[in-house]
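We did not get these values from a lab; they are worked out from the coordinates using the rules stated. Everything quoted here is computed from the prediction, not taken from an experiment. Positions of Cβ are backbone-derived with ideal geometry, glycine not excepted, and every protein chain shown enters the neighbour counts.
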Amino acid sequence: MSMPSQQDRVIRVFISSTFRDMHAERDYLVKFVFPQLRRLCEARGVTWGEVDLRWGVTDEEAAEGKVLPICIEEAERTCYGGGEA
C-alpha cells in the first residue's frame, strides 16, 4: 500500500451563510480558528484551504443572478476535491 501524495492530503472548507448575516462569526473563523487549523495541517503534511464567497462574488455577478451557481460550483469543488485549495 502506497502513502497518499501531498495532493491527496487536502482539507478544503466551504463557509456558507447569507451575505447579510454572521459577519462576526465568519470573521472570527478567518482571523483566529483557520490560521490555527492551517498550522496544524501543515505540520502534518496536509494542505488547508477555505472558501468564503464574501471574497469572490462580485456585485456584477450578484446583479446577474450568478450567486447560486457560483456557490454550488464552489461547494462541489470542496466536497469532491476538484480544483486548488
remark   = About its Cα centre, region 8-80 carries a charge dipole, from +1 on Lys and Arg Cβ atoms and -1 on Asp and Glu Cβ atoms, whose size in debye to the nearest 20 is 480
query = Spin-label point model (7 Å from Cα, Cβ direction): what's the GLU73 to VAL33 distance in nm?
reply = 2.7
request  = Note down the nm distance, to one decimal, between modelled labels 7 Å out along Cα→Cβ at SER17 and at ALA63.
outcome  = 2.7
key: Order of ARG12, ARG44 - criterion: other Cβ atoms within 10 Å of each residue's Cβ, fewest first   = ARG44, ARG12
task = Please name whichever of ILE11, LEU40, VAL67 sits farthest to the positive end of the charge dipole of region 8-80, dipole taken about the Cα centre and charges placed at Cβ: Lys and Arg +1, Asp and Glu -1.
result = LEU40
